[in-house]
1. Quick one: dipole size for the chain, taken about the Cα centre, charges +1 on Lys/Arg Cβ and -1 on Asp/Glu Cβ, in debye to the nearest 20.
2. In whole Hz, what ³J(HN,Hα) sequence does the stretch 297-303 give by Karplus (6.51, -1.76, 1.60; θ = phi - 60°), x for Gly and Pro?
3. Cα atoms only, the stretch 202-250: Rg and Dmax in Å?
4. To the nearest 0.05, what FRET efficiency results for Asp197 and Asp217 with a Förster distance of 41 Å applied to their C-beta separation?
5. Could you run the Karplus curve 6.51 cos²θ - 1.76 cosθ + 1.60 with θ = phi - 60° over the stretch 24-29 and give me ³J(HN,Hα) per residue in whole Hz, x for Gly and Pro?
6. Measuring from label point to label point, each 7 Å out along Cα→Cβ, what is the Phe154 to Lys310 span in nm?
7. Run the quick spin-label model on Tyr347 and Ala56: label points 7 Å from Cα toward the beta carbon, then report their separation in nm to one decimal.
8. Quote the accessible area belonging to Leu244 in square angstrom, nearest 10, computed with a 1.4 Å probe and with ligands, DNA and RNA left uncounted.
Amino acid sequence: QKQTALAAIEAATTLDALEEQRVGVLGKKGWVSLALKTLGQMSPDERKEAAPAIQAVRGEVAAALDAKKAELETAALEAQLTSETIDLTLPAPDQPKGSIHPVSQVMDELAEIFADLGFSVATGPEIEDDWHNFTALNMDESHPARAMHDTFYFPDKAQDGASMLLRTHTSPVQIRSLKSEGAPIRLIAPGRVYRSDSDATHTPMFHQVEGLVVDEDIHLGHLKWTLETFFKAFFEREDIVLRLRPSYFPFTEPSVEVDVGYSNEGAGKEGGRRVVGGHGDEDGHDWMELGGSGMVNRRVLEFAGIDADKYQGFAFGLGIDRIAMLKYGMNDLRAFFDGDPRWLAHYGFSP
Ligand code: PHE
């Protein structure tokens with residue numbers, strides 16, 4: 001019986017045939033298994049004599065099965081490898097590939113430039129409560145500026161009764177960072193913000209970068225120098241100038257709107273980045289509005305638990321998507337969020 005089994009195993013040409021042999025010998029009703037069962041009915045002496053022989057047969061058959069199985073598997077793999085050769089001289093199929101997104105790219109560049117100026121990067125939650133998003137920024141419940149923010153509110157209040165919302169700007173990170181780290185502080189906070197607004201230049205989700213410096217003896221000159229230094233580095237142009245226009249934000253006093261200007265005579269010259277979308281004036285400059293800023297309102301410092309007699313600061317909030325559009329000459333904000341690799345490729349973003 002053993003010889004027949006070993007011969008059949010040796011003759012097996014497929015894994016299925018081999019499995020059939022294994023079941024016939026070692027399976028529940030296989031003859032070796034049945035022989036092992038008879039040991040139970042033997043006397044201890046008979047068993048001592050019979051058992052080693054049966055175990056030896058079992059071992060031999062099992063080893064033959066294993067060896068044959070390995071042999072068949074190797075053969076199968078080899079057959080597969082020869083049949084599935086790839087012709088490496090053929091052109092590869094053209095598959096669209098993504099790239100770093102312009103917004104991510106700009107965020108990285110921002111963080112790098114500001115890191116050189118000693119700014120760290122802070123973050124805060126996109127789901128905010130109305131205290132951090134509004135009240136602590138000097139906008140109490142009745143403040144008209146609240147209505148201007150087109151806020152997405154959540155229908156349910158938090159357990160502590162707070163109204164929850166999608167943050168409408170990155171400014172609440174000012175409050176959170178001041179509360180957790182105190183002064184002096186020097187940070188930027190890039191991230192997503194939300195307003196219910198949508199057209200070619202507005203999307204319900206967009207990106208801002210907040211900047212905050214609080215220290216002793218900080219004044220508007222520091223703000224202007226910082227932004228100017230940043231924009232020159234970012235647009236890689238020395239002819240960038242800044243225009244600060246009087247404005248109003250509840251959380252800064254005084255408040256200024258930031259326009260970036262560049263002489264249009266130099267436009268198109270080698271070495272300079274192309275900046276588009278601006279409108280020119282008589283003195284040879286194109287101007288673009290990029291965000292808001294100002295000296296931190298002392299009420300905000302007080303809300304955040306900072307000694308407003310000792311410390312002053314400046315803050316700014318810039319639209320990252322707008323900055324990216326300018327730098328790369330893009331004209332429709334909505335395309336930022338379509339995820340079309342052709343759009344990325346068109347503007348020079350490749351894998
Ligand atoms: N948070 C303001 C906005 O979203 C921008 C801003 C930030 C203005 C910081 C002043 C200081 O419009």
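1. Values: 34 positive and 56 negative charges, 283 e Å.
Charge dipole, the chain, about its Cα centre: 1360 debye, nearest 20.
2. With the stated coefficients, the stretch 297-303 comes to 4, 4, 4, 5, 4, 5, 4 Hz.
3. Every Cα atom of the stretch 202-250 included, Rg and Dmax give 13.6, 38 Å.
4. On the way: r = 39 Å, r/R0 = 0.94.
Efficiency, from the Cβ-Cβ distance: 0.60.
5. Result, rounded to whole Hz: x, 9, 9, x, 3, 9.
6. 3.6 nm
7. 8.1 nm
8. 50 Å²
The values are calculated or read from the model by the stated rules, or taken from the named source; none is laboratory data. Since the structure is predicted, the reported quantities are computational estimates derived from the model, not experimental observations. Quick reminder, even Gly has a Cβ in these numbers, built from the backbone with ideal geometry, and neighbours come from all protein chains shown. Keep in mind that these areas ignore ligands, DNA and RNA; they rest on the heavy atoms of the full protein, side chains included. Shrake-Rupley method; radii C 1.70, N 1.55, O 1.52, S 1.80 Å.
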